[in-house]
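Below is one structure, written out as structure tokens; the observations come after it.
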Amino acid sequence: MRVRPTPGVVAASVDADGCLELHAAYAAGPAAGSGGGVAPGPGRFRCGPVGTAMWILLRRHDGDAGIAADVLAELWNTAPENARADLDIWVEEMRDAGLLCVQPAP
């Protein structure tokens with residue numbers, strides 16, 4: 001399983017406080033717009049420093065949540081299963097927000 005940004009979601013910047021800003025283009029649905037097409041709308045989302053670290057490690061390790069969690073555990077000096085649980089919760093929140101998707105591993 002690989003965790004990937006949802007298509008149309010890009011990392012815009014990381015500020016001095018370690019907060020990541022994500023930009024997402026969303027479709028409003030088939031009834032949007034005068035021609036009945038799909039109307040994109042911009043979305044901006046911010047992650048705190050912990051979410052930023054999780055995003056960066058997932059991206060750096062090609063979406064492999066296991067490797068990302070192992071690195072987080074080492075950085076945070078915690079048990080790998082605790083880091084993995086925190087990462088899994090964050091990934092679910094990001095999936096619910098439409099910012100991440102899960103794909104089968106190659």
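Every read-out reported here was derived from the displayed coordinates using simple, explicitly stated rules and does not represent laboratory data. This is a predicted model, so every value here is computed, not measured. Neighbour counts run over all protein chains shown; Cβ positions are idealised from the backbone, glycine included.
Laid out as a table, the results:
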read-out: Surrounding net charge for residue 103, when Lys and Arg each add one and Asp and Glu each subtract one, Cβ distance under 9 Å; value: +2
read-out: Gained length - residue 103 relative to residue 14, 0.36 nm times residue gap less alpha-carbon distance; value: 29.5 nm
read-out: Order by protection proxy (mean Cβ within 10 Å, highest first), peptides 73-80, 16-23, 86-93; value: 86-93, 16-23, 73-80
